[in-house]
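The values are calculated or read from the model by the stated rules, or taken from the named source; none is laboratory data. The structure presented is a predicted model; accordingly, all values stated were derived computationally and were not measured. Counting neighbours? That spans all protein chains shown, and the Cβs are built from the backbone with ideal geometry, glycine included. Side chains are part of the model used for accessible areas, which takes the heavy atoms of the whole protein and leaves out ligands, DNA and RNA. Shrake-Rupley method; radii C 1.70, N 1.55, O 1.52, S 1.80 Å.
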Amino acid sequence: MGHNLVIDQGNSAAKVAIFRGPVLVRSWRYEELTPRILTDIAADYDITAAIYCSVSRHGEDIVVTLRGIAPRVYELTSMLPLPIKIGYTTPTTLGRDRIAAIAGAWACYPGRSVLVVDAGTAVTYDVLDTDGTFIGGNIAPGLWMRAQALHDMTSRLPLVDVESEHNVALWGTDTEGAIMSGVVRGVAGEIAYYRSQLPDDTIVMLTGGDAVRLAPLIDGNVEIDSLLVCKGLNSILTYNESR
């Protein structure tokens, strides 16, 4: 059995992973993904298929490089067949990373209700039901965006680093603390609210850069998976390989 090469190109960095079947072999994170990086990886692994997903740019040079590395190359678009069903009324506008994250949740927990929270620049809340249908989701500002808006849209509120490692009190006792608590605990409260609207046995999966920041503030079990999108891309690749 050969290896699958998976690329999740985000706005600020790219995650690259090697899978052997459903098993994650190794992963990397790059601030800038170049063709040379991919050719170096391919020199160490027998790549039989690859899949590319980008939310920031098309990356034609990356796709061309992949075609020289792998016999079969897939790019995640609204036309690629999926192992999940999409209940979105405008599937062509649905973010590719959101599709992949939901596919990753289905790969990890088939037959379960899952709330996927991707906490990055924006926070997305996406729901997978027990028959593998993405029933919809919501988009809200992320931690940094909320703090930046409070600073930019007022005359006196300071810009607070809400993504820092500082403890988050329930109630702020000064202005910076109030912003810190309001922003970070506000998102944690949103997660708790959305979970309360779903079946009791719903699994909450957190991914994205602020997942570790938020998880300790959420009551109940939550699962952090920084490679959820990569796992979903691998499941989509595997699904298309078996067709």
Pro83 - would you say it is at pLDDT 95 or above, open to solvent by 30 Å² or more (accessible area, probe 1.4 Å) and over 21 Å from Asp40 (Cα atoms)?
yes
So if I check each of Ile62, Ile18, which one is open to solvent by less than 20 Å² (accessible area, probe 1.4 Å) and at pLDDT 95 or above?
Ile18
Filter segment 86-104 down to the residues that are among the small types (Gly, Ala, Ser) and either open to solvent by 20 Å² or more (accessible area, probe 1.4 Å) or touching an Asp or Glu at 6+ places or on another chain (Cβ under 8 Å) (or both) and list them by number.
Gly87, Gly95, Ala100, Ala101, Gly104
Among (1) surrounded by fewer than 19 Cβ atoms within 10 Å (Cβ to Cβ); (2) more than 23 Å from the chain's Cα centre (by Cα); (3) under 18 Å from Gly209 (Cα atoms), Thr175 falls short only on (3)
Taking first residues from segment 223-236 that are surrounded by fewer than 24 Cβ atoms within 10 Å (Cβ to Cβ) and second residues anywhere that are in a helix (DSSP H, G or I) and of a type in the set (Val, Ile, Thr), the pairs with Cβ under 9 Å that are 6 or more apart or on different chains are Ile224/Val212; Ser226/Val212
Given the conditions (1) in contact (Cβ under 8 Å) with a residue 40 or more places away in the chain; (2) touching a Lys or Arg at 6+ places or on another chain (Cβ under 7 Å); (3) open to solvent by less than 30 Å² (accessible area, probe 1.4 Å), report the number of the one that Asp126 does not fulfil.
(1)
Tell me, please, whether a residue that is open to solvent by 50 Å² or more (accessible area, probe 1.4 Å), at pLDDT below 95 and either under 30 Å from Leu5 (Cβ atoms) or aromatic (Phe, Trp, Tyr) (or both) can be found in segment 192-200.
no
Limited to segment 202-222, what total is found for residues that are more than 22 Å from Pro83 (Cα to Cα), open to solvent by less than 20 Å² (accessible area, probe 1.4 Å) and not aliphatic (A, V, I, L, M)?
1
With respect to Ser78, is the statement that it is in contact with a helix residue (DSSP H, G or I) (Cβ under 7 Å, 6 or more places away or on another chain) and small (Gly, Ala, Ser) true?
yes
Identify, please: which residue in segment 131-150 is in contact with a strand residue (DSSP E or B) (Cβ under 9 Å, 6 or more places away or on another chain), touching a residue at least 24 places away in the same chain (Cβ under 8 Å) and not in a strand (DSSP E or B) and is, among those, farthest from Glu163 (Cα to Cα)?
Asp131
Examine segment 68-89 for a residue that is part of a helix (DSSP H, G or I) and within 16 Å of Leu237 (Cβ to Cβ), and state whether such a residue exists.
yes
If we keep only residues of segment 21-52 that are part of a helix (DSSP H, G or I) and β-branched (Val, Ile, Thr), then the residue least open to solvent (accessible area, probe 1.4 Å) is Ile41
Quick check on Val55: is it open to solvent by 20 Å² or more (accessible area, probe 1.4 Å), within 14 Å of Glu241 (Cα to Cα) and touching a helix residue (DSSP H, G or I) at 6+ places or on another chain (Cβ under 6 Å)?
no
